[in-house]
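The structure appears right after this line, and notes come after that.
Computed from the coordinates by the stated procedures, all read-outs in this text should not be read as laboratory data. This is a predicted model, so every value here is computed, not measured. Quick reminder, even Gly has a Cβ in these numbers, built from the backbone with ideal geometry, and neighbours come from all protein chains shown.
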Amino acid sequence: MTPFMHQVAETISLGRAVTRPAVRPSAPKSVGVAVHEQVTIRARAGQLVSQANAVLKAVGEQITLTDEVGEGRLAFTLRWQNRRSYVATGIAGQTAVTRLHGIGSSCHTAVELDGATAVADLILLLVSRPPAGVPVGPRVAGG
């Protein structure tokens with residue numbers, strides 16, 4: 001098993017504490033930069049969902065990864081049981097803005113994942129069971 005697969009197993013079976021994914025405030029970027037980041041994050045999500053699902057197969061429900069492509073939007077959704085995270089890049093003219101919604105996001109400010117390295121923490125947060133009353137919001141990069 002990979003180190004990430006061990007982390008998923010510990011999170012599911014032992015209730016392992018998880019680190020919230022690093023995020024940064026959403027901000028307009030050039031379309032090229034935003035699309036590159038979205039594709040990189042989506043590719044990493046695909047790799048890690050495959051690893052997580054190899055572990056989750058033993059407990060039943062696996063993570064679904066659904067892509068959404070439309071005019072002016074690239075997005076994907078991660079779902080596990082009744083929990084979800086949605087990563088979307090909206091394109092308007094020469095700029096684009098990426099936002100994280102659902103598990104791992106903030107209800108107060110628009111945020112995006114702080115790069116592909118944050119995807120592992122997002123998936124672990126998705127499959128974790130936080131104690132009652134503990135928020136599952138983001139850890140803002142640099143703050």
Summed side-chain charge close to residue 101 - residues other than residue 101 whose Cβ falls under 14 Å, Lys, Arg +1, Asp, Glu -1 | +3
Take each complete run of DSSP H in the chain, measure how far its Cα atoms stretch along the helix's own axis, and keep only those covering 15 Å or more with mean Kyte-Doolittle hydropathy at least -1.0; list them.
-> 3-14, 31-56
Computed ³J(HN,Hα) along the stretch 79-86: with the Karplus parameters 6.51/-1.76/1.60, θ = phi - 60°, integer Hz and x for glycine or proline, the list is 10, 8, 6, 9, 10, 8, 10, 10
Compactness check, the chain: C-alpha Rg relative to the 2.2 N^0.38 Å globular estimate gives 1.03
Which FRET efficiency value, to the nearest 0.05, do you get for residue 110 and residue 10 by plugging their Cβ-Cβ distance into 1/(1 + (r/R0)^6) with R0 = 35 Å?
-> 0.65
For residue 92, net neighbour charge (Lys/Arg +1, Asp/Glu -1) across residues whose Cβ lies under 15 Å away | +2
Going from the fewest other Cβ atoms within 10 Å to the most, one would list 76, 4 as 4, 76
Non-local amide H neighbours of residue 106 (under 5 Å, H modeled in plane, Pro and chain starts lacking H): which ones?
-> 111
